[in-house]
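Here's the structure, in structure tokens; my notes come after.
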There are 2 protein chains.
Amino acid sequence: MPENVFDEAEYQRRTARLEERMAENELDAVIVSNPSNMNYLTGYDGWSFYVHQAVIVTRDREEPIWVGRSQDANGARATTWLSEESIRAYSDDHVHSPYDLHPMDAVAAVLEELDAANGRIGLEMDSYYFTAKAYTRLQHNLPEAEFADTTLLINWTRAKKSERELEYMRQAARISENAMRAGLDAIEAGVPEYEVVAEIYDALVRGTDTYGGDYPSIVPLMPSGDHTGTPHLTWSDRRFENGDPVIIELSGCRNRYHSPLARTAFLGDPPEKLVETSDIVIEGINAAIDRVEPGVTCEEVEAAWRDVITDYGIEKEDRIAYSVGLGYPPDWGEHTASIRPGDETVLEEGMTFHMIPGIWQDDVGFELSETFLVTADGADVLADFPQQLFSVQ
Amino acid sequence: MPENVFDEAEYQRRTARLEERMAENELDAVIVSNPSNMNYLTGYDGWSFYVHQAVIVTRDREEPIWVGRSQDANGARATTWLSEESIRAYSDDHVHSPYDLHPMDAVAAVLEELDAANGRIGLEMDSYYFTAKAYTRLQHNLPEAEFADTTLLINWTRAKKSERELEYMRQAARISENAMRAGLDAIEAGVPEYEVVAEIYDALVRGTDTYGGDYPSIVPLMPSGDHTGTPHLTWSDRRFENGDPVIIELSGCRNRYHSPLARTAFLGDPPEKLVETSDIVIEGINAAIDRVEPGVTCEEVEAAWRDVITDYGIEKEDRIAYSVGLGYPPDWGEHTASIRPGDETVLEEGMTFHMIPGIWQDDVGFELSETFLVTADGADVLADFPQQLFSVQ
């Protein structure tokens, strides 16, 4: 495993932790479809999730088994800790096949070989890339199996990060700082949006003086002008104008680990209302960050934010943060703990969150985010970037 | 619809064409999950496919209905031709919900409102982002419905491109040329891979002097050194060395339309075997391109390629091309017609393909691709980029 980014022992610990959870849930096998979870267990890293692939874990086998397309087996050899007998490939006639062939046929065959075909099998039912067809095909191929929904089972084991994972998230934070700086520096009246994103993308991939950046799981988002209320529209040919608000949300990525960062800018002198809003958001996010410590629940952290904004007469009950780390397109969130009302997850050392509150008033919006680590002493904010409304003159 | 990239009549023609297909297949409704198909029918364009969303088409309603997350409804207003009553949003507690809520509940509610809940409903069973859970939730919510698999129904209606679509693909081809040039210019012994990809990404987004580029559906792929046989590994911190082969596959993107392009380079004087291989591939791809004309089948085009390589003693029966155009991550392929043995699809004017043959011999590989349009006179290759093995000194 020449290019592994973690040593074999770390992968083995992860697999062992999953196998404990499988025992608790009386699962004989889990079919892992989420590319982040596949990477977490094996190290597998490639842009091959546009075809079906899987990692299969059984309780009595130390190594997971990777199943993928034949032309990706070399990628599995290059990036995983798995031995040759744990790498299985299906032939190319299974890909977008006009014949009665489907990659899940190969997955089912491995379960049969492992004597798990009649067992209780976990499926990531609501995971990206595990399609309805993949499911019905497994039902067809494994008529004796009992299926259970394990969509977030592995995601939850990812919540607390190891030292090595944190090292990559800190490296990603350095890249985020560089990319945010590049973006803010490029904004200017008359410049088209795409030129600013070109600078951001260049910085995201160029990384730092000592290491490069990976592709982030979400493209840089930069709603501006009338569009700051449409958070997921991507850039256009529009040229910036004086009077435009601009929100930049981006993330550096290192070995698939993210450290997202958002800031807001304004071309020209910002209206008073926007300045006031920015002050409230900055006070609120820091109140929430200050509330972070092991033993506190997610909803208690949200309450600290809400206390601040309520004092300013703002009523809003949103998710303000989510667990973050390893990811593949289309998302860098882990889909587990959220800092929102009703989430009673207890914070523990080693958890990492992206906190991204925002307030929109009178059509002006301000967003500012931080990615932080829960430590014994409270939150450790990973990026070092000024918390302010940036005025571009 | 201030930012629509096609006029309303074009979207209406597309919807009408789908409704004809629905009639032929006795479908009362189709639930569209594939982001490319959602865009094709409505214009919707946003990085929101990391949550569930859908477009619903029924045979007796002229406008499709968009269903998505509340915070994305403004994006639907900004990018689609739909009227306000055709834009439906679900509340944020449906997103990665710890409650018993799922976005498909909102989709099912629309089908009930449209009196289609007891009908025959098409689902894109093997489409990206239509998960197993989305399917079982619809089964639960719509117990009287009869479901049919319409995974490629809309994709097939996308095969023949309109003049406007071709305009965007030609614009994308200009971007591909610029990005390929930027990549080849940046490769040098001692330079890390990520720096070359940073240049490529910058060029992909910066576009041309008159318009910018969108994010491509696949990141630039650049296997090099020992890794030219692992096509889907992404870049690393490795520095290029003399003697490295490098394959670059990328695509410019304009309003979500792609025009992919691949070329091979070698640092230093290429080995004789690689030069020979490049000559064979270039002769073969041009033989296949010359065979293209309306009325010819996909497999006949592949045969023209195979005739050439067989003359050189090479046995290989691969897919060498696939239908291409509109796309979202993780893929720019349309998953319909393939130029491979056994595919009897008849070529028609307006179809577009990415042809990407490659040959590996003695551990050296050469790949060269073109995106082309089928015209009355044969293939029109969209990019203008030298067909050769690039030697980087």
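Annotation: amide H of residue A:150 within the under-5 Å range of A:123, A:124, A:125, sequence separation 5 or more or interchain, hydrogens built in the peptide plane. Averaged over the residues of peptide A:212-220, the number of Cβ atoms from other protein chains lying within 10 Å of each residue's Cβ is 5. Rounded to the nearest Hz, the phi-derived 3J(HN,Hα) couplings of the stretch B:157-168 under the Karplus curve 6.51 cos²θ - 1.76 cosθ + 1.60 (θ = phi - 60°) are 5, 8, 4, 8, 8, 7, 4, 5, 4, 5, 4, 5, where x marks glycine and proline.
Within the same chain, lysines fewer than 8 places from residue B:316 are excluded, and of the rest, those with a Cα less than 26 Å from its Cα are B:273. Can you list the GluC sites (Glu not before Pro) in the stretch B:6-67 that are in a DSSP coil and have 14 or fewer other beta carbons within 10 angstrom? Answer by residue number: B:26, B:62. Among A:281, A:5, B:32, the ranking by other beta carbons within 10 Å of each residue's beta carbon, starting with the fewest, stands as A:5, A:281, B:32. A label point on residue B:209, set 7 Å along the Cα-to-Cβ line, lies at 3.7 nm from each of its counterparts in the other copies, closest listed first.
Please list the non-local residues whose amide H lies under 5 Å from the amide H of residue A:235, H modeled 1.01 Å from N, same-chain partners needing a gap of 5 or more. Long-range HN contacts for residue A:235: A:222. Annotation: amide H of residue B:119 within the under-5 Å range of B:146, sequence separation 5 or more or interchain, hydrogens built in the peptide plane. Under the convention that each Lys and Arg Cβ holds +1 and each Asp and Glu Cβ holds -1, the size of the dipole of the protein assembly as shown around its Cα centre is about 60 debye.
Between B:187, B:280, B:320, the Cα set farthest toward the positive side of the dipole of chain B (charges on each charged residue's Cβ, about the Cα centre) is that of B:187.
Each of B:305, B:66 has some number of other Cβ atoms within 10 Å of its Cβ, and from fewest to most they run B:305, B:66.
Taking Cα atoms only, the orientation of helix A:103-113 departs from the longest principal axis of chain A by about 50 degrees. So what is the relative contact order for chain B, in percent, with contacts set as C-alpha pairs under 8 Å and at least six apart? Once divided by the residue count of chain B, the mean separation gives 14 percent. When shorter helices are ignored and each DSSP H run of at least 4 residues is given -39500 (n - 2.57), the per-residue value for chain B at 222 nm works out to -10500 deg cm²/dmol. Each Lys and Arg contributes +1 and each Asp and Glu -1, all at the Cβ; summed about the Cα centre of chain B, the dipole is approximately 720 debye.
Taking the C-alpha atoms only, the angle from helix A:298-311 to the longest principal axis of chain A is near 20 degrees.
Give me the lysines in straight-line cross-link reach of residue B:160: C-alpha distance below 27 Å, same-chain residues under 8 apart excluded. The reachable lysines, counting only those whose Cα sits under 27 Å from residue B:160, are A:133.
Between this copy and the others, label points of residue B:380 are 5.9 nm apart in ascending order, each placed 7 angstrom from Cα in the Cβ direction.
Exposure proxy shown here: for A:312, B:99, B:194, B:201, the number of other Cβ atoms within 10 Å sets the order, fewest to most, as B:99, A:312, B:194, B:201. When +1 charges are put on Lys and Arg Cβ atoms and -1 charges on Asp and Glu Cβ atoms, the dipole computed for the stretch A:2-96 relative to its Cα centre reaches about 200 debye. Using only alpha carbon pairs under 8 Å that are at least six residues apart, calculate the relative contact order of the stretch B:263-384 and give it in whole percent. With pairs under 8 Å counted, the relative contact order is 30 percent.
Label-point spacing at residue B:16 relative to the other copies reads 6.7 nm, in ascending order, each point sitting 7 Å out from Cα along Cα→Cβ. Couplings 3J(HN,Hα) of the stretch B:91-102, computed from phi: 6, 5, 6, 7, 8, 6, 7, x, 8, 8, 10, 8 Hz, in residue order, whole Hz [Karplus 6.51 cos²θ - 1.76 cosθ + 1.60, θ = phi - 60°; x for Gly and Pro].
Taking chain B as the reference, fit the longest principal axis to its C-alpha atoms, fit the long axis of helix B:8-24 to the helix C-alpha atoms, and give the angle between the two in degrees, 0 to 90, nearest 10. Tilt relative to chain B: about 80 degrees.
Its relative contact order, with pairs defined as Cα atoms under 8 Å and 6+ residues apart, puts the stretch B:163-392 at 22 percent.
Laboratory data are not the source of any read-out in this text; all were calculated from the coordinates shown. All values derive from a computational prediction rather than experimental measurement. Here Cβ is always computed from backbone atoms with ideal geometry, including for glycine, and neighbour counts include all displayed protein chains.
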